[in-house]
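See structure below.
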Number of protein chains: 2
Amino acid sequence: MGDDNRSREPGHGGTPVVGMVGAGQLARMTAQAAIGLGIEFRVLAAAPGESAAQVCARTVIGDYTSAGDLLGFGIGCDVVTFDHEHVPGAQLAVLGQVTAIRPGPEALVFAQDKLAMRNRLSSLRALSGRGVRCPRYRHVGTLADVLDFAADEHAAGRPEWPVVLKAISGGYDGRGVWICDSKEAVREVLSHGIALLAEEYVPFERELAVLVARSPKGQGACYPVVQTVQRDGICREVIAPAPGLSPELAERAQWLGLSIAAELGVTGLLAVELFESGTELVINELAMRPHNSGHWTIDAAVTSQFEQHLRAVLDLPLGGTASTAASVVMVNVLGGHDPDLYSRLVHVMAADPVVKVHLYGKQVRPGRKVGHVTVAGDDVERLRDRAWRAANYLSLGTEQPAGH
Amino acid sequence: MGDDNRSREPGHGGTPVVGMVGAGQLARMTAQAAIGLGIEFRVLAAAPGESAAQVCARTVIGDYTSAGDLLGFGIGCDVVTFDHEHVPGAQLAVLGQVTAIRPGPEALVFAQDKLAMRNRLSSLRALSGRGVRCPRYRHVGTLADVLDFAADEHAAGRPEWPVVLKAISGGYDGRGVWICDSKEAVREVLSHGIALLAEEYVPFERELAVLVARSPKGQGACYPVVQTVQRDGICREVIAPAPGLSPELAERAQWLGLSIAAELGVTGLLAVELFESGTELVINELAMRPHNSGHWTIDAAVTSQFEQHLRAVLDLPLGGTASTAASVVMVNVLGGHDPDLYSRLVHVMAADPVVKVHLYGKQVRPGRKVGHVTVAGDDVERLRDRAWRAANYLSLGTEQPAGH
């Protein structure tokens, strides 16, 4: 943020310009947070109808895989950040010549490349000393590699199947994780010719997530640890804080999030998805951006994750992370068969004046995330009932919360 | 919202378009709320640099006194609402031919014309039966009229001076209220040739405000009654709920807000500014839009006033109005002598990670509202200290909260 940038907008007291590559719902909700901070926020969207492009006054249309488009976008920004992990490394290097990139490419690689992430995290001795580990994993290229991995698991006294296959980066057809029960299933995944990891299938009691922010100055802040429920690879429900989580495990998860952020040099948000497995915490995935597990913070934390991400990438002091309610439940709204979400919204609002509905302006397609609902209060089970009722009504769905 | 509107945006499930005339900070914060509701929000701005125009993807540049500009704006909207009261009645009538106007002209007139408001509220017998009244007032055109009014006050055993003069609509030089201590002061105000009311100077313990929403279907919702502090005609501090207000007075104020909204046929928000004077509530001003006394709701109510206004004008069910904290303090940030608000923001955030700062993107000019801060918690006096410290630092000001 040099003097040239400050002089660009003298009328607004030298406020910086933050650019976000990608214009999905994460960028949309970041745009909402940017309004309150009085900064200028721009998005790089593929098309004007995208979720964030609909609401952001400074939308640039372009292709995030094009170095030229990224340069054009970056030149006007003091800081560029991301609503996804898909900008290739070579293009990031070009973008870095004209603006600050946060998180930086040297950190972002661990959110882009699961093999690099597994190798890096496995090398952190401090983690294993505290009952945190990665799943056993191996880079695989052929069916024989996968069968070898399964056989080694079996030889060590663990089940041979299922084997989890993960795309090292990206995936295909919107998926990046396959739980394979047989040779045939493995062969099907291998047929797509993408780079893969094999991982053990971790038996877990539940999934947790920890969300931290870290600024370039090194300040860290951590939100309460949450419980998440995923179905078919999509986050469905988040409960904050994770019910009944022991203080020891909560502290360990928070320590873990802050440690990884510091070790990898993350700036901005870092979400760590975890399995609670016996007395261990097993690291599932990393994301370096606002995360679905943090949507509850908009309505029920002192600082929303979206404001926090902006504060972190701008190297502003981080905001308070406490929840403003005893319990908070967030349920994603998936598209159903009725495209008219708005008419359904009326009924949800009438039924429950306290539920907070967030719609993303996205065309309804079955199974697509088109919004989320949040309810805060005291009694977790009643909050879950209310949140699921609202989400199901909007989705024209009939899903039940887990355990019902 | 007929079928023609639904078919306009089939991809987004028939979401409606709300237009707001005016692009100040109220429109800016309404734009922020609209993002979460997934509706399309447009503003009619005089210039692209205005507070809301900076952040709203659908900004139309035009003149709110031009029937042509209003028509062009209104044709694309399902509902048009306002961030100020200044659209003349004739232009409202034109606008009403192409779109729904909420609040409607027949209600809005009471926010535009103080004589009409005083006459109408004074005719409501229910109010005086419950210890609510308007200040004594008189339409005045000449010095003799004002001196007559003062003499009548004196004859009834009340002080002759000061006399309050109010512009019936608008004002000049940004002001609409003058507290006159002498004939000379009255003469000065009269010299500007605007239509005036004379009103008694109401001795009060403090100022209160009550904020209600009312939908076209007639649903009403009321926020907790707040205490406000005005200086030089500018709202400086709001405390929610009003400390130590008796339950009886609180209930009376809420009844009053809901009654006036229903009597005047208001749709959207109605703010009623009150004097607490002995055992009476005296009605000072009305506004039919989001109001400075409701800014605290963004951070510390189930439903922010901006979302509530949108819900009301769209005839959606209204949202919960409870505060999420025991006490909330909001202090406005006035421009000081340092134009670089953003650099000052860094220090405020470092000093207090829980204070919520809202900046409006407005050029800093001494005394101009450029933002506000909100702090929620338990101990009102400590919250006030923190809020004033943050606001003063941003303003480069040294003002003290009242009573310090």
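Of note:
- Index of the failed condition, A:A107 passing every other in (1) of a type outside the set (S, T, Y); (2) away from chain B (no Cβ under 14 Å); (3) surrounded by 20 or more Cβ atoms within 10 Å (Cβ to Cβ); (4) more than 21 Å from the chain's Cα centre (by Cα): (4)
- Those residues of segment B:231-244 which are crowded, with 17+ Cβ neighbours inside 10 Å and either in contact with a Leu (Cβ under 9 Å, 6 or more places away or on another chain) or not β-branched (V, I, T) (or both), in sequence order: B:C235, B:R236, B:E237, B:I239, B:A240, B:P241, B:A242
- Odd one out for A:D232 among (1) over 17 Å from the mean Cα position of the chain (by Cα); (2) at pLDDT below 95; (3) acidic (D, E): (1)
- Residue within segment B:203-221 that is outside any loop (DSSP other than H, G, I, E, B), in contact (Cβ under 8 Å) with a residue 60 or more places away in the chain and more than 24 Å from B:E263 (Cβ to Cβ) present: yes
- Within segment A:57-99, the residues that satisfy the criterion of being among the β-branched types (V, I, T) and touching a residue at least 60 places away in the same chain (Cβ under 8 Å) are A:V79, A:V80, A:T81, A:V87, A:T99.
- Some residue of segment A:212-231 being assigned by TED's automatic domain parsing to the domain that holds A:D378 and over 19 Å from A:R289 (Cα atoms): yes
- Residue count for segment B:59-80, restricted to those that are under 22 Å from the mean Cα position of the chain (by Cα) and within 14 Å of chain A (Cβ to nearest Cβ): 1
- Number of positions in segment A:245-263 that are in contact (Cβ under 8 Å) with a residue 60 or more places away in the chain and surrounded by fewer than 24 Cβ atoms within 10 Å (Cβ to Cβ): 4
- Listing of strands (runs of 3 or more DSSP E) fully contained in segment A:104-199 that carry 2 or more residues being touching a Pro at 6+ places or on another chain (Cβ under 9 Å) and modelled with pLDDT under 95: none
- Restricting A:L281, A:L286, A:L249, A:L269 to residues that are over 26 Å from A:A31 (Cα atoms) and assigned to a strand (DSSP E or B) narrows the list to A:L281.
- Within segment B:353-399, the set of residues being over 24 Å from A:I298 (Cα atoms) and of a type in the set (A, V, I, L, M) comprises B:V364, B:V380, B:L394, B:L396.
- Residue check for B:C56: over 23 Å from the mean Cα position of the chain (by Cα), crowded, with 17+ Cβ neighbours inside 10 Å and not aliphatic (A, V, I, L, M): no
- Boolean, B:G268 is under 20 Å from the mean Cα position of the chain (by Cα), within 23 Å of B:V380 (Cβ to Cβ) and away from chain A (no Cβ under 14 Å): no
- Residue selected from segment B:138-172 under the condition without any contact (Cβ under 8 Å) to a residue 60 or more places away in the chain and basic (K, R), by the criterion surrounded by the most Cβ atoms within 10 Å (Cβ to Cβ): B:K166
- Here the condition is being surrounded by fewer than 17 Cβ atoms within 10 Å (Cβ to Cβ) and either modelled with pLDDT under 95 or touching a His at 6+ places or on another chain (Cβ under 8 Å) (or both); of A:G68, A:G96, A:G89, A:G76, it holds for A:G89 alone.
The values are calculated or read from the model by the stated rules, or taken from the named source; none is laboratory data. The structure presented is a predicted model; accordingly, all values stated were derived computationally and were not measured. With ideal geometry, Cβ positions are generated from the backbone for all residues, glycine too; neighbour counts draw on all protein chains shown.
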